[in-house]
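Report on the structure given below.
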Amino acid sequence: MGNVRDLLNGAIEAYQQGRHDKAQQLALLALDQDASDVQALTLLGSVMSETGQREAALVHLARAFELAPNDATVALAYGKALREEEKFTEAEAVLAKAAQLAPDDGGILAEHGMSLRDLMRLDEAEARLRAAVALPSGGPRKYAGLGLILFETGRPDESAAFMRQAANLIPNDAEILTHLALALQDLGRLSEAEGMFRRVLELAPKGDHEEARRQRGVYTGNLSLNLLSGGKIAEGWDLFEARAAFPNWKRSQRRYPVPLWTGQRFDGQTLLAWREQGLGDEIRMGGCVSQLARLGGQVVLDCDSRLETLYRRSFPDISVREAGPHGDLKFDLHVPIASLPRFFRRRIEDFPGPVAYLKPDPILVEKWRARLAALPGKIKAGICWKTGVTASHRLWNISSLESWAPLLRMPDVGFVNLQYGDCEAELCAAEQAQKITVHRWPDLDLRNDLENVVALIKALDLVVTVGTAVNDLAGAVGCDTWLILKTPHYDMMGTDRYPWYPATRVFPRPWNLAWSRAMARVAMAMKERLGEESGRNASCPCGSGKRFKHCCGAEGL
């Protein structure tokens, strides 16, 4: 069997060679001889964490940290495992201790920086990672970590530079190449990014353990979104099936003892189409449901409870049920709703014409028309300025009302709040600072009462929004919608428009276009709609005194 040191040396060698099964076996044998050996506990926990055995990994690493709380290497391994389990507050505390113990270790400082990112303390995270980059130690991942922060805070040009620095040191690291490809994609270099995503797939782990499957799924999913962004729609949807491995998607994954539907007719059978992802995704993909129902049998549509009555009215020939386990329901086939475009939206020509498939309650529409008629303004426009998902990877979809000032100051528009969530303080501050009014009603729950929200949207003349579920509610009900969207974006399918909803106009916001400039362009479009002086020679709505063409409308911005 060998002594503890021999077993550990063998385990370390196997680990360094990527032979995780052998490393785990030898570490366990070492612990059989000494259950309190810190090095064996740390190695075993690290191996288990990397192979998807995360709960067991935490047990061993917590024990190692308990035995050696002042060992920076142990704290680093434990903190990384806590991050993998999304125990972000605990992870940051442990990694802060590791950084305190080893302030000159660039690798430890970088990991602590990433834990600060997990907590959305992005300024601190960037400072910590820049400190790590300035140190001679730490290896290439500190450059990759800083590159990721820069990418998520809207600086893909700087991000790509640091990612290349990391990739030059580890040329075949799939994670580093993935983030470099994402930065290139945001810079509009889709073909270059596509080639890199394909290279990443070649480098993906080939094993059958959970972590290897997850990585392959995520890498395939990245390629699928790149292909959709570039207009390679059919292949993009085919590869989008890999989303089953995405961590967020797995939380809503269903397993049923009946076959997955794969596009065939299903005469005489019952098919369950079940919701997944966010509310906006569910509504967008819901545009395919009527086509599904024309393939023979009975369709049962499982949906967010907030959509249930709305969907029953909109899809009268389909059985609609609130999302749930459906233990009482007998069905022969099932399909997640985001798989439907793979069969019904394979070409740009497959996207619908001007069909509004969500049908609001006409009585509620009249109620809201009466309320809107009492408001000032030639145009009644709803606004939504930020996503409800505040994770670092969605910062691009969050604006401030301050940046909307060029639009909100326009006197002939009655603005109506469609922003869900806690935004009252922000609205009050903007109203006071900009001397404006954004109308809202205390009896309307914008997050949960979607029957009234959709009726209000139908009664509006226009909706101006970022990429949230409000865009999908407005588009699906047929309301004119102005969408300020980060570009390139996969929802545009390689076009200059928004194929999902013909009444939606896209205002592109590439990475180097500030929110204030983007909103000045929206304000200029509003002036055109109102019939006021406009065009590129008109005064810029931002208030600079310059002509629009020399200010926020300048080419290349």
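The values are calculated or read from the model by the stated rules, or taken from the named source; none is laboratory data. Remember, predicted model here, so these are calculated numbers, not experimental data. Here the Cβ positions follow ideal geometry from the backbone for every residue, glycine too, while neighbour counts run over all protein chains shown.
Remarks
- In region 222-247, the residues that are under 19 Å from residue 263 (Cβ atoms) and at pLDDT below 95 reach residues that are assigned to a helix (DSSP H, G or I) and β-branched (Val, Ile, Thr) with C-beta atoms within less than 7 angstrom, at least six apart or across chains, in these pairs: 242/220.
- Residue check, residue 443 without any contact (Cβ under 8 Å) to a residue 40 or more places away in the chain, out of contact with any Ser or Thr (no Cβ under 6 Å at 6 or more places or on another chain) and assigned by the TED database to the domain that holds residue 388: yes
- Given (1) surrounded by 19 or more Cβ atoms within 10 Å (Cβ to Cβ); (2) in contact (Cβ under 8 Å) with a residue 60 or more places away in the chain; (3) in contact with a Ser or Thr (Cβ under 6 Å, 6 or more places away or on another chain), index of the condition residue 469 fails: (3)
- Taken together, the residues in region 61-95 that are more than 17 Å from residue 149 (Cβ to Cβ) and part of a helix (DSSP H, G or I) amount to 23.
- Verdict on residue 116 being in contact with a His (Cβ under 9 Å, 6 or more places away or on another chain) and hydrophobic (A, V, I, L, M, F, W, C): no
- Being free of Cβ contacts under 8 Å to residues at least 12 places away in the same chain and polar (S, T, N, Q) is a description that applies to residue 432.
- Within region 315-353, the set of residues being at negative phi, over 28 Å from the mean Cα position of the chain (by Cα) and of a type outside the set (Asp, Glu) comprises 315, 316, 318, 319, 327, 329, 330, 331, 333.
- Test: residue in region 459-466 that is in a helix (DSSP H, G or I) and either surrounded by 19 or more Cβ atoms within 10 Å (Cβ to Cβ) or at positive phi (or both): yes
- When each of 214, 189, 199 is tested for being basic (Lys, Arg), without any contact (Cβ under 8 Å) to a residue 60 or more places away in the chain, surrounded by fewer than 22 Cβ atoms within 10 Å (Cβ to Cβ) and under 22 Å from residue 18 (Cα atoms), the lone residue that passes is 199.
- Options 506, 453: the member that is surrounded by fewer than 22 Cβ atoms within 10 Å (Cβ to Cβ) and within 22 Å of residue 413 (Cβ to Cβ): 506
- Residue 52 vs. criteria touching a residue at least 60 places away in the same chain (Cβ under 8 Å), small (Gly, Ala, Ser) and either over 26 Å from residue 116 (Cα atoms) or in a loop (DSSP other than H, G, I, E, B) (or both): yes
- Test: residue in region 152-164 that is out of contact with any Gly (no Cβ under 7 Å at 6 or more places or on another chain), under 23 Å from residue 51 (Cα atoms), surrounded by fewer than 20 Cβ atoms within 10 Å (Cβ to Cβ) and not hydrophobic (A, V, I, L, M, F, W, C): no
- Residues in region 432-441 that are more than 30 Å from the chain's Cα centre (by Cα) and more than 15 Å from residue 374 (Cβ to Cβ) were compared, and the one that is surrounded by the most Cβ atoms within 10 Å (Cβ to Cβ) is 436.
- Qualifying residue in region 384-394 (condition: under 24 Å from residue 362 (Cα atoms), outside the structural domain of residue 148 (by the TED database), in contact (Cβ under 8 Å) with a residue 12 or more places away in the chain and of a type outside the set (Gly, Ala, Ser)): yes
- Looking at region 269-342, the strands (runs of 3 or more DSSP E) lying wholly inside it that each contain 2 or more residues that are of a type outside the set (A, V, I, L, M) and in contact (Cβ under 8 Å) with a residue 40 or more places away in the chain sit at 270-274, 333-336.
- Residue check, residue 241 more than 27 Å from residue 324 (Cβ to Cβ), in a helix (DSSP H, G or I) and either among the charged types (D, E, K, R) or over 20 Å from the mean Cα position of the chain (by Cα) (or both): no
- Looking across region 118-139 at every residue that is more than 21 Å from residue 173 (Cα to Cα) and buried (at least 24 other Cβ atoms within 10 Å of the Cβ), the one that is nearest to the chain's Cα centre (by Cα) is identified as 125.
- Residues (of a type in the set (A, V, I, L, M, F, W, C) and surrounded by fewer than 18 Cβ atoms within 10 Å (Cβ to Cβ)) located in region 332-354: 348
- Sole exception among (1) at pLDDT below 95; (2) touching a strand residue (DSSP E or B) at 6+ places or on another chain (Cβ under 6 Å) for residue 317, by number: (2)
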